[in-house]
1. Return yes when R269 is at pLDDT 95 or above and not hydrophobic (A, V, I, L, M, F, W, C) and no when it is not.
2. Can you pull out the residues in segment 179-198 that are surrounded by 19 or more Cβ atoms within 10 Å (Cβ to Cβ) and either among the aliphatic types (A, V, I, L, M) or part of a helix (DSSP H, G or I) (or both)?
3. Just need a number here: residues in segment 237-291 that are of a type in the set (S, T, Y), touching an Asp or Glu at 6+ places or on another chain (Cβ under 9 Å) and over 18 Å from Y124 (Cα atoms).
4. Within segment 197-237, track down each residue that is touching a His at 6+ places or on another chain (Cβ under 9 Å), touching a residue at least 60 places away in the same chain (Cβ under 8 Å) and of a type outside the set (V, I, T).
5. For segment 82-115, which residues satisfy the criterion of being among the small types (G, A, S) and in contact with a helix residue (DSSP H, G or I) (Cβ under 7 Å, 6 or more places away or on another chain)?
6. Which one of the conditions (1) within 30 Å of L133 (Cα to Cα); (2) of a type in the set (D, E, K, R); (3) out of contact with any helix residue (DSSP H, G or I) (no Cβ under 7 Å at 6 or more places or on another chain); (4) at pLDDT below 95 does E296 fail to meet, given that it meets all the rest?
7. Any chance you could count how many residues in segment 1-53 are touching a Lys or Arg at 6+ places or on another chain (Cβ under 9 Å), touching a residue at least 12 places away in the same chain (Cβ under 8 Å), assigned to a loop (DSSP other than H, G, I, E, B) and over 24 Å from I364 (Cβ atoms)?
8. Can you name the number of the only condition in (1) more than 32 Å from the chain's Cα centre (by Cα); (2) assigned to a loop (DSSP other than H, G, I, E, B); (3) β-branched (V, I, T) that V225 fails?
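The values are calculated or read from the model by the stated rules, or taken from the named source; none is laboratory data. Just so it is clear, the structure is predicted and the values come from calculations on it, not from any experiment. Cβ: placed from backbone, ideal geometry, glycine included. Neighbour counts: every protein chain shown.
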Amino acid sequence: MSREAYVFAQFLRLLPRYEFQRIVDKYNGDYRTKHFKCWHQLVCIMFAHVRQENSLRDIDIALNAHARKLYHIGIQQCPKSTLADANERRDYRIYEEFAKSLMHHARREYAHTRLAIDVDNAVYALDASVIDLTLSLFPWAKFRKTKGAIKLHAMIDLRGNIPAFLTITDGKVHDVKAAPQVPIEAEGIHVVDRGYVDFAWLWSIHQTHAFFVTRLKTSIKWTRVLSHPVNKSLGLRADQEILVTSTRLKKLYPERLRKVSYRDETQGRTLVFLTNTFTLPADIIAALYKARWEIELFFKWIKQNLRVKTFYGTSPNSVKTQIWIAMIVYLVLAILKQRYHLKTSLSKLLHFLEVNLFEQKPLISIFEPNARAYREKSDKQLILFDL
C-alpha cells in the first residue's frame, strides 16, 4: 500500500523548480558545487522560517532529528558551517529574482479578487518598514550613530495584499528616495503616507496617467480654486480643487490638485487628503487612504510570523538572502490559499504547516479537511504553476 509523501515534500513541490534552476544558472549559483546546491540552501532556510528556528545550530539539530526522512524530501543533511558558508557566498539575487517571479504568479492568482472599496482601478499601497540590527554585529547597516538598521520598501496590490514591488536598502535611506524605483501602473491608484509627498515624484505619477492618494502636509501653502458640496453625515468636511502657491512647487506640479477633508470621530482628528483624481466620490478617497493600513498589517505579519528580525549571518548577503526567502514562503502560502479557496488565515496556514511538516498525509488536508482539492483522490500532486 502506497503512502503519502511527507507534507514538507508536497509543500516544496508547489515551487516552480524549473524557474528556480533557470535563475541559479543565470548567476552560476551552483558553480563548482557537488552536494549542497542552491536548492538545498533554499529548502533549509524555508524550513527555518516555517519552524521559527533561532540559529544555524537549531536548524542543524531540527533537520538531523529527521535525518532518515530528508532523502524522501529531496535534501541532504547540512552541517551548520556549510549552511553558513552558503549564506555568506551565494548571491542573494538568486532568491530575490525567484521571489519576484513568484510575485507575478501570485498577482495573477488574485487578479479577479474584488476589492473592499468600490473602484474599478487597481489599488496599491506603498510604504517602508525598518528592521533593526545591532550596529556592533552589522557595522555595514548604517542608520544612526548607535543603531543599525535596514529598510524594506514594499508596494502591495490590495487585491490579495500581494507585493508588487520590494527592495531592501540601508536604514538611513528616506522612503521617498526609493520611490523612483517603484513601477507605476497607468490608471492604477497609488496610496502613500506623507513621507512620500515629493511633488516631482507625484507629477511623474500624474504624467504616467496614474493616480495617487496621500496626506497633505501642513507646511504646504495652497490656494482654493473651486469647492464642491459634501455630505457631512459621512464625515466629510471639504472637497476642493487647489493649486500650490510656492513658486518652486508650482514648477514641480503646475496643475490642479484635489483636497478632501475628513473628520475621524473615533480618533478625534481631521485628516486632509491630497489626490489627482477628480472623478471618484470624496468618501471613496477617504476609504482608499484608510485601506493603506493593509501594508502596515503586511509588515506586521512578516515580522511576527517569519524570521526577519534575527538573522543567521551578519553579512549583507546573508541578511538579504534570509529576507528574500521569507518573501518566498509568504508568497507560496498566499498562492496556496487562493488557488484552493482555503478560508483559513495565513497565520494559521503557516502554523498547521509547521506542526505537520513530517507527517505523511495530503497537504491540503492539514489546512482544511473538506477542501475541494482534497476530495480529488486522483490528484497525487498539487501544482500551482503551469509548466
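1. Considered against the rule, which asks whether it is at pLDDT 95 or above and not hydrophobic (A, V, I, L, M, F, W, C), R269 comes out as no.
2. If the condition is that a residue be surrounded by 19 or more Cβ atoms within 10 Å (Cβ to Cβ) and either among the aliphatic types (A, V, I, L, M) or part of a helix (DSSP H, G or I) (or both), then A179, V182, I184, I189, V191, V192, Y196 are the ones that fit.
3. 3
4. Hits for segment 197-237 are F211, F212.
5. Across segment 82-115, the qualifying residues are A84, A86, A99, S101, A106.
6. For E296, the failing item is (4).
7. 3
8. Evaluating V225 over (1) more than 32 Å from the chain's Cα centre (by Cα); (2) assigned to a loop (DSSP other than H, G, I, E, B); (3) β-branched (V, I, T) leaves (2) as the failure.
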